[in-house]
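Student: Here's a structure for you.
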Amino acid sequence: MKKYWLIVWASIMLFASVLHARDRNLNIVFIPKSSDQVFWTFMRDGVEKGIRESGDVSLTWRGPSYNDDTDAQIQILKTYTKAGVDAIIIAPTDRVRLAQPLREAAAAGIKIIVVDSGVDGSQYQNFVTTDNYAGGKLAAKQMAELLNGHGSVVVLRTVAGSASTDDRANGFIDYLKANAPKINVVADEYGGGSRGKAQRSAALLLKKPIAFDGVFAVNESATDGMLRALREAGVAKQKRFVGFDSTDFLLEGLKRQEIDGLVVQNPRQMGYLSLKAAVAAAHNEPLKDKTLFTDTTLVTRSNASSPEIQKLLVP
């Protein structure tokens with residue numbers, strides 16, 4: 001009989017703790033890859049929309065300055081691996097190095113939502129991401145059409161270990177191999193995690209004794225850096241150029257015919273879904289689908305002014 005009442009008491013206390021959790025604001029931490037890219041402004045807009053709908057969230061937003069500063073992101077993650085944090089939403093800068101500190105956060109009882117870029121392991125409740133491999137294939141399809149199925153291209157990546165951008169590059173390369181085998185990839189390089197590093201890497205690439213007709217850059221900083229390097233070298237408009245993500249600077253390049261296409265994501269939707277997933281996980285009501293995909297869209301000069309595209313381009 002005593003054991004029975006102990007079980008009843010424990011059940012009552014558990015129910016009371018759940019009610020208490022719902023009576024207070026959830027403490028959710030969002031750790032982006034960087035603070036120097038417009039992409040995260042879009043994503044935060046989606047997060048804030050989710051907060052307005054949920055109404056019970058206190059948000060902390062803190063990330064490293066650049067998306068190649070994995071040490072800083074790990075330190076931020078460790079700082080918020082503590083009592084009182086209900087959920088962490090993170091866009092890992094490195095899929096391997098973030099795995100262990102995320103396991104430690106999960107072991108501490110914090111719900112983990114991974115957004116934008118993947119991480120090794122299964123220590124998260126949900127993964128909200130663009131279908132990056134499909135986005136790379138979309139870029140390659142545009143490049144193949146621009147080059148009429150013949151020529152050579154270079155690929156400028158960002159940092160090794162970034163799952164999302166590597167998926168884009170791999171999708172691009174695989175599509176060309178399968179569908180445009182007469183287009184050769186003559187250089188495939190990592191440019192660094194900031195606009196400045198990407199520009200310097202692109203400038204060095206342009207000085208190499210290799211002939212190429214087109215360029216694919218895998219994210220905002222790589223596309224920005226490559227455009228600046230092409231301008232400095234005096235060969236903008238002479239190379240077919242497909243990039244990823246958008247800013248006012250890149251859209252200007254599109255308008256000036258220095259860029260032929262930008263594959264854009266829907267970071268607002270990613271931010272919104274990641275916040276919803278974090279709230280559900282914190283309430284022990286995880287979303288049914290572990291991975292949630294958002295689409296990519298190709299922006300060109302012919303469709304950039306349409307209302308549907310403008311929703312994706314204006315912060």
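The values are calculated or read from the model by the stated rules, or taken from the named source; none is laboratory data. Just so we're clear, the structure is a prediction, and the values are computed from it rather than from any experiment. Note that each Cβ is placed from the backbone with ideal geometry, even for glycine, and that neighbours are counted across all protein chains shown.
Student: For the range 11-39: of the residues being modelled with pLDDT of 95 or more, not β-branched (Val, Ile, Thr) and not in a loop (DSSP other than H, G, I, E, B), which is farthest from Asp69 (Cα to Cα)?
Tutor: Leu26
Student: Residue check: is Leu275 assigned by TED's automatic domain parsing to the domain that holds Ile113, at pLDDT below 95 and either assigned to a helix (DSSP H, G or I) or under 25 Å from Gly84 (Cβ atoms) (or both)?
Tutor: The answer is no for Leu275.
Residues are listed down the side, and each one gets a yes or a no for (1) in a helix (DSSP H, G or I); (2) more than 29 Å from Ala72 (Cβ to Cβ):
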site	(1), (2)
Gln123	no, no
Tyr133	yes, no
Lys141	yes, yes
Gly161	no, no
Asp167	yes, no
Lys177	yes, yes
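Student: From the list Met270, Met226, exactly one residue is in the same structural domain as Ile113 (by TED's automatic domain parsing), touching a strand residue (DSSP E or B) at 6+ places or on another chain (Cβ under 9 Å) and either without any contact (Cβ under 8 Å) to a residue 40 or more places away in the chain or closer than 29 Å to Arg44 by Cα (or both). Which is it?
Tutor: Just one listed residue meets the conditions, Met270.
Student: Which of (1) more than 21 Å from Ile89 (Cβ to Cβ); (2) touching a Lys or Arg at 6+ places or on another chain (Cβ under 8 Å); (3) surrounded by fewer than 19 Cβ atoms within 10 Å (Cβ to Cβ) does His283 not meet, given it meets every other one?
Tutor: It fails just one condition, (1).
Results for (1) farther than 30 Å from Ala83 by Cβ; (2) modelled with pLDDT under 95; (3) out of contact with any Phe, Trp or Tyr (no Cβ under 7 Å at 6 or more places or on another chain), shown as yes or no for each residue.
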residue	(1), (2), (3)
Lys141	yes, no, no
Leu147	yes, no, yes
Arg157	yes, no, no
Ser164	yes, yes, yes
Phe172	yes, no, no
Ala203	yes, no, yes
Glu220	yes, yes, no
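Student: Being under 20 Å from Asp260 (Cα atoms) and within 19 Å of the chain's Cα centre (by Cα) is the filter here, so list the residues in the range 177-225 that pass it.
Tutor: Arg195, Ala198, Phe216, Ala217, Val218, Asn219, Glu220, Ser221, Ala222, Thr223, Asp224, Gly225
Student: Inspect the range 119-126 for any residue being out of contact with any helix residue (DSSP H, G or I) (no Cβ under 8 Å at 6 or more places or on another chain) and not assigned by TED's automatic domain parsing to the domain that holds Arg168 and give the result as yes or no.
Tutor: Within the range 119-126 (the criterion being out of contact with any helix residue (DSSP H, G or I) (no Cβ under 8 Å at 6 or more places or on another chain) and not assigned by TED's automatic domain parsing to the domain that holds Arg168), the answer is yes, since at least one residue qualifies.
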